[in-house]
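The values are calculated or read from the model by the stated rules, or taken from the named source; none is laboratory data. In this text, all values refer to a predicted model and were calculated from it rather than measured experimentally. With ideal geometry, Cβ positions are generated from the backbone for all residues, glycine too; neighbour counts draw on all protein chains shown. Surface accessibility is based on the protein's heavy atoms, side chains included, excluding ligands, DNA and RNA. Shrake-Rupley method; radii C 1.70, N 1.55, O 1.52, S 1.80 Å.
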Amino acid sequence: MSRSPSFKVREELLPSLDPESLQRWIVGFCVIRFDLEQGQLVEVCYPPGCLTNDEELEIAYSSFPDSISQQQNRSSIHDCIFFFRFRRHLKSQSIDKNNVGEELSSTSSANVSKYMYGFVFNRQIHDERLKRGGEQKSVVVLSHSPYSSVFRPLLQIIGPLYFDFGKVALEHIAAYVSAWPAPVPGKLMDLPIGNETIKVNLPPVHCLPLENGLSFDESASPVAPLLPSNQSIPQGLFHDADIFGAFRGILLQLWLLWELLVIGEPILIIAPTPSQCCEAVASLVSLIAPLLCSVDFRPYFTIHDPEFSHLNSIREGETFPSMVLGVTNLFFLKALKKIPHIVSVGSLHPSSNRVALSTRSSAGKVSGRPDGGLQQLYLQSLQKFSPSSLLNAIKLRRDGPLCLMTEHKEAIWTTYSAITKPDTSILNRLVDAGMSPRVEESMSVVNNEILRRHFLELTINFLAPFGPYFRITAPLEGSSPYVDPPSLPPFSADEFLSSLSTRGPGKFILKRMKSNWLNFYRRFLNGPNFMPWFQRRRAVAEREQDRLWRHSRMKTDMQQLVSKMSELEIVDSFNVIEKLLHRELQLQQPGNGDIDSTATCEKLMRDLQAVFSALTKDMQQIMLSNPERASLLQRIVN
């Protein structure tokens, strides 16, 4: 999606703003100006009242590059796009009992924490006639959804429009967005904006954070057991992230970074610009798809974030929380000394001034490398035990990350020993263009598809040993579906590890991991990602099993089935049907509507009547002695 100067607003086709529909995609828009005397000022907040004063202040501080990180670019206008994530506190609302996994995220506290994403179009205007040689302003799109593939191209439209037309551009864009259909995770959507259309595949529902209060049918979008044939279909968050561009200088360390995020280790990612650091954080999160990422990730984190004071006060011996922080301010190297893993990425001199982080982003790449730079990098990796490279590695480790204060370099500082071996066959397939930006961007797309497919395959195979705990059972052909379905296999971490050590994790993992792979699984079980993912997958499996059994009951001929039953089986079937009917009647209560619930109730009523008629007169009298049951049967007859 280009910045499209051809975009036009046709007044006669402009839809009216529907605030409720707008909320499905966007919380609101902010325009923030950096004032030399007063600091960050919120000029516009639309729709009015969509944010609290504290939220406006936090958004304002997160919407500008740190002064230390600003590029030394003296062109007249410099645009960049980046995004941040912060914790929002809202009053608790009613809970939808049909929501998959809602029981996992429910809370009895007065406030419910939800994360909000701010997607920023920042413009810096350099003019020597102005104080400090220029000014800057940011247009921010705020949403509860991490739909970067939607909001990045939207910003490329709305950003320049605002600077041309002012607040009216926000009102027009809001009206168009409110006319969009409701988001359907995992589906291709056409989202019209004036005479433009954003075509986008939304990420699947299984990777969206639980705190979003989603009401989508998650069983319709299960974790893919096999690799998808269509690479454009997302399997996790930030499918549009530029993995190759973000980590181009440290590609050999991708497998180590994948491990760190899988087990939920704290990571500090530092880059020269907000665009580069948020691209690196998004790329890292996308590496572990289709695993649900429950680590608190912050694509662009500043010292003004309310949580910084807590992180800065962590003492020696205390555990740093599971977070991935993207920063540009070098002050964090001194302030967050307790964070165990530090990653430095990006380049001080981007190759152009074009808007960073486009739909197929090439921002964050290291420019100025000679032709064949990737091949040279790979050759250096093969010679990593040469005397010169060994001395450089020792010097880098001795100096520590504080060496970034004097010179930026791409590197990792960690004491963690990776278990997964880098796949050299994947690195051999990557292409380094070293040509024009357009050719380079095309090569980056190819490289990203290679890397994303490999890590998707790696993650799926890593999670494969948990498959038996999600295995559902359908009714056998000819058997009665009017019994309680079998429970899913119980899970015990100790039993799982004992069984896994005996049978192994599979050839794919054994080939790519060192002999201590079992310890990696143990750390995963104890980390923040396992339990939310496992419980959510169990909830989806249970719902899917329930759907299969409901479908089987709808097809069953009860008259024929009951004729083959003994009296005891008939009584048992009556009790099960009665219980199922009460549950379906509950689903028909206001606010708990279900599309199939009415048809299911009618079928269960007919089946209950058929079973009751098959009982002996004495047994019928016993059943009718219960007033509630007698009332239900009378209702069925009438």
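Ligands, DNA and RNA left out, the 1.4 Å accessible surface of segment 557-635 is 51% carbon and sulfur atoms.
How much length, in nm to one decimal, is gained on full extension between Val445 and Gln620, taken as 0.36 nm per residue of separation minus their Cα-Cα distance? Display every interim value, and only then the final one.
Values: separation 175, 0.36 × 175 = 63.00 nm, distance 7.02 nm.
Extending this stretch completely gives an extra 56.0 nm.
Rg and Dmax of segment 557-635, based on Cα coordinates, read 13.1, 40 Å.
What's the FRET efficiency of Leu36 with Ala464 using the Cβ-Cβ distance as r and R₀ = 35 Å, to the nearest 0.05? Display every interim value, and only then the final one.
Values: r = 57 Å, r/R0 = 1.64.
Calculated transfer efficiency: 0.05.
Within the shell defined by Cβ-Cβ distances under 13 Å, the residues around Pro528 carry a net charge of -1, with Lys and Arg each +1 and Asp and Glu each -1. If the label point is 7 Å along Cα→Cβ of Arg523, which residues in segment 323-347 have backbone nitrogen under 13 Å from it? Those under the cut-off are 340-341. In the context of the full set of protein chains, segment 466-622 has a per residue accessible area of 56 Å² (1.4 Å probe).
Within a Cβ distance under 12 Å of Gln559, other residues only, what is the Lys/Arg minus Asp/Glu net charge?
Details: positive: Lys564, Arg606; negative: Asp557, Asp607.
Surrounding charge for Gln559 is 0.
From the Cα gyration tensor of segment 435-565, with a ≥ b ≥ c the square roots of its eigenvalues, which class applies: rounded if a/c is under 1.5, or else prolate if a/b is larger than b/c, or else oblate? Note, shape of segment 435-565 comes out oblate.
Surface calculation, 1.4 Å probe, protein heavy atoms: Ser498 sits at approximately 70 Å² accessible. With a 1.4 Å probe rolled over the protein heavy atoms of all chains, the accessible area of Thr598, Thr414 falls in the order Thr598, Thr414, largest first.
The calculated FRET efficiency for the pair Ser515 and Ser487, based on their C-beta separation and a Förster distance of 35 Å, comes to about 0.50. Label-to-label distance, Leu548 versus Asp127, with points set 7 angstrom from Cα along the beta-carbon direction: 6.7 nm. For segment 557-635, the relative contact order comes to 35 percent (Cα pairs under 8 Å, sequence separation of at least 6). With each label modelled as a point 7 angstrom along the Cα→C-beta vector, the Leu57-Ile77 pair spans 3.4 nm. Residue ranking by accessible heavy-atom surface, 1.4 Å probe, largest first, among His582, His144, His78 comes out as His582, His144, His78. Computed from label points 7 Å out along Cα-Cβ, the spacing between Glu316 and Lys395 is 3.0 nm.
A Förster radius of 22 Å, combined with the Cβ-Cβ distance separating Gln559 from Gln586, puts the computed FRET efficiency at roughly 0.25.
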